[in-house]
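The values are calculated or read from the model by the stated rules, or taken from the named source; none is laboratory data. Being a predicted model, the structure only gives us computed values, none of them experimental. Glycine also receives a Cβ, built like all others from the backbone with ideal geometry; neighbour counts cover every protein chain displayed. Only protein heavy atoms, including side chains, enter the accessible area calculation; ligands, DNA and RNA are left aside. Shrake-Rupley method; radii C 1.70, N 1.55, O 1.52, S 1.80 Å.
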Number of protein chains: 2
Amino acid sequence: MALAGKRNSSAKLRSAAFRRIRADHLTELAEDYVELIADLIDERGEARGTDIALRLGVANATVVKTLKRLQDAGLVSQEPYRAIFLTGDGWKMAEDGRRKHKIVEGFLLALGVGAETARIDSEGIEHHVSEETLKAMARFLARSG
Amino acid sequence: MALAGKRNSSAKLRSAAFRRIRADHLTELAEDYVELIADLIDERGEARGTDIALRLGVANATVVKTLKRLQDAGLVSQEPYRAIFLTGDGWKMAEDGRRKHKIVEGFLLALGVGAETARIDSEGIEHHVSEETLKAMARFLARSG
DNA sequence: ACTATAGTTTAGCCAATGCTAAATTTACCC
DNA sequence: GGGTAAATTTAGCATTGGCTAAACTATAGT
Ligand SMILES: [Mn+2]
Ligand SMILES: [Mn+2]
Ligand SMILES: [Mn+2]
Ligand SMILES: [Mn+2]
């Protein structure tokens, strides 16, 4: 095989990682939204746009626009001026998000990271860990706790 | 303090994590670009747009546009139709990226994750770990290897 | 019932990041 | 040196996810 050919397949291999990251970023916001909505529903019976905006630290209008996309994606449902509900798919995604989130945050704590840092870092890391890495984290967690 | 007040400060605390993530996402692409450019320069003497596009898995035109932004940000420099260079700031960011990347990837390997998964997951995780978490990972790494 | 306030939506803007197709430039080969 | 092939840039488009300001709705208090 020529040098150019080797270069090509090596590059294709490497690019897989970046493709995965770009894909992760597309679902990341949706995951955080549905998880947050699930939390609000469990904590206080309903999820309102204002509360979502406040917890995410974005403007109300941003939440409205994002919820519209999530509705199109079949994750949430709502009537104008009413509270927000999760669809079946929405709940499924929220539960999976909670599962991952719990493992990653618990793992960081077990690793010796402070509570505040574990909370903040896990919010970002959770979207970029594969099932294999999650399994390794859970194993470590089980052994150390 | 009233209930609304408590809700408010709790929400403000939580929103810090999401603010950090949004900030991370703004620098994430820049970090990957400069690190990749540094690798290309070290590996083969120069970094060309085509190679960047190939390794990232995006179109050439996308690379051109992004490089323009990185140039405005003072991270890279280039003349039309010529190879791409890193500025002092660009090299600094690339070195820091390599440092973090190495720790995260090495850590995942030490945790028992397979080489391929460690490579892929670390490409995303590296942008969302604080210095405190990096330190904890380095500690684990030192102890286990 | 009216009205003030709080919550929500709409309108219109912007930046970042991706794409394809067409034009341009460079580099290499004869 | 001239002609091609590859690299590069430009043009034009779309989506995501942010913002502010203005308009609208629902609700709670009087
Ligand atoms: Mn989460
Ligand atoms: Mn998150
Ligand atoms: Mn990310
Ligand atoms: Mn990366």
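Worth a mention:
- Residue with peak Gaussian network fluctuation, chain A [Cα springs, cutoff 10 Å], from A:ASP96, A:ASP32, A:ASP72: A:ASP72
- Cβ-vector label at 7 Å, B:HIS25, separations to other copies in nm: 0.8
- Residues A:TYR81, A:TYR33 ordered from highest to lowest accessible area at a 1.4 Å probe: A:TYR81, A:TYR33.
- Here A:GLN78 yields copy-to-copy label distances, from shortest upward, of 4.2 nm, the label point defined as 7 Å from Cα along Cα to C-beta.
- Once all protein chains are placed together, A:THR50 keeps about 80 Å² accessible to a 1.4 angstrom probe.
- Cα-based convex hull, chain B, per residue volume (Å³, whole number): 166 Å³
- Percent of Cα-Cα distances greater than 24 Å, calculated over the protein assembly as shown: 57 percent
- Segment B:66-145 and segment B:44-60: distance between their alpha carbon centers, rounded to Å: 17 Å
- Averaged over the residues of peptide A:17-24, the number of Cβ atoms from other protein chains lying within 10 Å of each residue's Cβ is 6.
- Whole-number percent relative contact order across segment B:2-144, with pairs defined as alpha carbons under 8 Å at least 6 apart: 21 percent
- Nearest chain A C-beta to the A/B rotation axis, reported as residue and distance in angstrom, is A:ILE125, 3.
- Carbon and sulfur %, accessible surface of the protein assembly as shown computed with the full protein complex present, 1.4 Å: 57 percent
- Association of chains A and B removes close to 4000 square angstrom of accessible area from solvent, both sides included, for a probe radius of 1.4 Å.
- By a 1.4 Å probe calculation restricted to protein chains, B:THR66 has an accessible surface near 10 Å², given to the nearest 10.
- Rounded tilt (10° steps) of A:3-44 against the dominant C-alpha axis of chain A: 20 degrees
- Accessible surface, segment A:2-144, averaged per residue in Å² (probe 1.4 Å): 51 Å²
- Taking the Cα centre of segment A:2-144 as origin and assigning +1 to Lys and Arg Cβ atoms and -1 to Asp and Glu Cβ atoms, the resulting dipole is close to 880 debye.
- Residue with peak Gaussian network fluctuation, chain B [Cα springs, cutoff 10 Å], from B:SER130, B:SER122, B:SER15: B:SER15
- Residue with peak Gaussian network fluctuation, chain A [Cα springs, cutoff 10 Å], from A:ALA110, A:ALA83, A:ALA11: A:ALA11
- Residues whose amide H lies under 5 Å from that of A:VAL76, counting only those 5 or more places away or on a different chain, are A:GLN71, A:THR87; hydrogens are built 1.01 Å from N in the peptide plane.
- Chain B, helix-only ellipticity at 222 nm - DSSP H runs n ≥ 4, -39,500 (n - 2.57), divided by all residues, nearest 500: -26500 deg cm²/dmol
- Pairs of lysines in chain B whose Cα atoms sit within less than 18 Å of one another amount to 4, provided the residues are eight or more positions apart or on different chains.
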